[in-house]
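The values are calculated or read from the model by the stated rules, or taken from the named source; none is laboratory data. Keep in mind the model is a prediction, meaning the values are calculated, not measured. Cβ sites come from the backbone with ideal geometry, for glycine too, and all protein chains shown count toward neighbours.
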Amino acid sequence: MSRIVPYKNSISEKSKSAPADDSDTSLVKVLSAIEPLAQICQTQPIGYVVELGSNEAADKHLAQARQCLSQLAKNSVWSTEFVNPDYTATEDNPKPDYTNQCGYLIMGVNTVLDNPSLGELIKTTKIIEKQIQNEFFEAQKLSQLDVHSVIHNMSEPKNRRVIIDIDVLAIKTADNELIGIAERYPFKHHEWVGLQELHQKGHLE
């Protein structure tokens, strides 16, 4: 089994996301499998691929999210921030561009969550979202729910201004498999862009 080497945080400067094309699908081979949340919710991975998105004060809110998520892990590495147009925008209904970024959280003993299950990490990301949004009462309510309830109540962001959105795209298992989460698949182009950068730099091997 390949050893996961801890990487220091690495923030690259912001870039523009290229238009989507068929080359995105070439990254499917990076994934060992695609599994539904219900099937892998209790898995305790050695790493997580997460995706961040914001279309309101994005530099500030992505930095807050990176800081919170990095504190949960033994180490973390981040892709370049990149600007991605809102795919639901139209000429009659223009919407602000998103800034997106992918990260890889490397878990280990003596971390804040101490090797959380996938479900536990997803619950924690939703609490972090509420805290960054200054919705502390909602964060407290979420913290009191069980993992199943949090996952059941999750929904995609609607057509609105998004302070921060945090999603788990894939997990790295102790068997060195990278498993995509079925509810997030097929990945959007901006998710492939971040995933590709992390893979090309060797962070997911």
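Looking only at the stretch 93-122, how many residues end up being out of contact with any strand residue (DSSP E or B) (no Cβ under 7 Å at 6 or more places or on another chain), within 22 Å of ARG161 (Cα to Cα) and modelled with pLDDT of 85 or more?
Number satisfying all stated conditions: 1.
With the checklist (1) crowded, with 17+ Cβ neighbours inside 10 Å; (2) within 18 Å of LEU52 (Cα to Cα); (3) at pLDDT below 85 in hand, flag the one item ASN134 doesn't pass.
Of everything listed in (1) crowded, with 17+ Cβ neighbours inside 10 Å; (2) within 18 Å of LEU52 (Cα to Cα); (3) at pLDDT below 85, ASN134 misses just condition (1).
Hey, could you check the stretch 175-205 for residues that are small (Gly, Ala, Ser) and not in a loop (DSSP other than H, G, I, E, B) and say which is surrounded by the fewest Cβ atoms within 10 Å (Cβ to Cβ)?
Of everything passing the filter in the stretch 175-205, ALA182 is surrounded by the fewest Cβ atoms within 10 Å (Cβ to Cβ).
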